[in-house]
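*Asks:* Before I ask anything, here is the structure I am working with.
Since every read-out is calculated from the coordinates, none of them should be taken as a lab result. Given the structure is predicted, the values throughout are model-derived calculations rather than measurements. We place every Cβ from the backbone using ideal geometry, glycine too, and count neighbours over all the protein chains shown.
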Amino acid sequence: NRIIHINEQASAVITLAPVHTVEFDITVSIFSEHLFPFQSLLFVHDTVAQKDFEPTLPSIPDGEMEEDEDSVKIVSLVKTKEPLGATIKKDQSTGAIVVARIMRGGAADKSGLIHEGDELKEVNGVSLEHRKPKEILPLLVSARTKGEVTFTIIPGSYREEASSHKQKLFVRTLFDYDPNEDPAVPCRDAALAFRRGDVLQILSMDDDTWWQACHLSDQNTRAGLIPSQQLHERQTPDHSVSVAAGLRRSFRLGRKGSQAREAARSRRWSAGVHGSICPPTYIEVIPYHKDPSDRHRLVVMVGPSGVGVSELKRRLLIADPDRYGVTVPHTTREKRRQEKEGLDYHFVSVHMFEEGVLNDRFIEYGRYKGHYYGTSLDSVHRVMADGKVCLLNVHPSKIKHVYTTEFRPYVVFVTPPRIEELRLTRRRAKFMCDEEDKNPVRIFSEEDFEDMLDLAESMENQYGHLFDKVLVNGDIAVAFRELKADLQKIDEADVQPQH
């Protein structure tokens, strides 16, 4: 056998077959075609085997570094189109530029090398001493074009954070937020805009005033800043006053000879007016994926009197009676000759009805002409047990009785259009008034339109955080088509209340 050395620096050798064999010719042919990559492979092998690493840093002489001196580290990040994901501020006591916040999912967070509280000394070799935060931004933009950003950092007192930001916490927003209109936002570019009703995943609540979140529907999990619940409540201290004022205004409208109607409305709203009302912020929800064995979600429809909730519900029942069902109310009055038990009403004794009230078995109840009437939880269960979508029409203050993971309610708020459209679409329409009114069925008046709009505004102000869908009922046919299409999708992937 002959030995052929491939490279002078290579200690490995290749043993070949005798010269005149076919195997030798094939082997030489292969090496001649791939000689350079093979040489490189052997060279790397020898370098690693001999631990010949570079560069070799000189040893630190004894006594050169004081024990209390700050350690310095150099961090290089390869820049992409992705933002750095960090905000900076100037320490007022020392004048140093420090990392104020690390945004979850950004380049700095993914690197794990930069932390809140770190002091920045240089960016790509440029000193940051005596510079203001706004003067540093051009340096970062310039470094971005070079493809790499190198930071010289004095580490702060970093501690391993609790994994709270990794927990799956989802909220539905109860107000609109535009960072461009918020003078208090620490960094507009890092803030997250959202609309009322959006679902966000909270990624960090470490800061008491500014949380980090991302949109649930957004594939990009990079975080943005949103005002915390505490901050938003502090910024809107007069919310309860505005809600109560709206309710009082609606009571005053149309009081010309309509004392009975005023009394009825006041009774309905009395529970909601008393006590302080916190400004709406966020409500916790969880992602929901329907299992084939799950029942349909409960559909709760609410809205001011005369807006058309009953008509929309009636059209749904006619359009698809196999899919939709309604509850049968309970009453303590005597059964009339043409009525059927369990179809028109559930006829019960006063004792049984009052016992159900004491045991919280009724979602909503009241008295009319000396008799009790009410909608029970059992009646909802019966409809759902039949495999149907239960349509429930209650006052918004009663939503809390069914706002559970058992029912997973989908709340539709039916609201009137602008008053000009109300006049056009309801001019000759009739509606059922409050039971105390002398004329229970009559044509809408201008005063009714104003009442309807004010009550809708008050309902949304006080209970809007519970609404999943706001349906404007201008043209009844258009509103019905929109509602029907929306209800077809409620059992798909969605979110549900967390309790």
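*Asks:* Compute the signed sum of charges (Lys and Arg +1, Asp and Glu -1) over the other residues within less than 13 Å, Cβ to Cβ, of Gly464.
*Replies:* On the way: positive: Arg172, Arg195, Arg196, Lys469; negative: Asp176, Glu457, Glu460, Asp468.
Residues close to Gly464 contribute a combined charge of 0.
*Asks:* What's the exposure ranking of Asp475, Asp468, Asp208, going from fewest to most Cβ atoms within 10 Å?
*Replies:* On the way: Asp475 13, Asp468 20, Asp208 10.
So the residues, fewest neighbours to most, are Asp208, Asp475, Asp468.
*Asks:* While we're looking at this one, here's another question. Could you sort 403-411, 365-373 so that the peptide with the highest average Cβ count within 10 Å comes first and the rest follow in order? Walk me through the intermediate numbers first.
*Replies:* Numbers: 403-411: 18.9, 365-373: 13.2.
Per-residue mean Cβ counts within 10 Å order the peptides as 403-411, 365-373.
*Asks:* I would also like to ask the following. What per residue convex hull volume, in Å³, do the alpha-carbon atoms of the stretch 73-154 yield?
*Replies:* Values: hull volume 6.5 nm³, N = 82.
Expressed per residue, the convex hull around the Cα atoms of the stretch 73-154 is 80 Å³.
*Asks:* Let me ask you something else. Suppose a student asked you for the relative contact order of the stretch 163-235, using Cα pairs under 8 Å spaced at least 6 residues apart; what percent would you report? Before the final figure, lay out the partial values.
*Replies:* Details: 127 pairs, mean separation 20.6, N = 73.
Computed value for the stretch 163-235: 28 percent relative contact order.
*Asks:* With just the Cα atoms defining each centre, how far is the stretch 170-234 from the stretch 445-483? Give it in Å.
*Replies:* 28
*Asks:* By how many nm would the segment from Arg336 to Val126 lengthen if fully extended, with 0.36 nm per residue of separation less the alpha-carbon distance?
*Replies:* 66.5 nm
*Asks:* In whole percent, what relative contact order does the stretch 330-375 give with Cα contacts below 8 Å and a gap of six or more residues?
*Replies:* Details: 50 pairs, mean separation 20.2, N = 46.
About 44 percent, as a whole number.
*Asks:* Please report how many Lys pairs in the stretch 333-403 have alpha carbons closer than 24 angstrom, counting only residues at least 8 apart along the chain or sitting on separate chains.
*Replies:* On the way: Lys335/Lys369; Lys340/Lys369; Lys340/Lys388; Lys369/Lys398; Lys388/Lys398; Lys388/Lys400.
Going through the stretch 333-403 pair by pair, I get 6.
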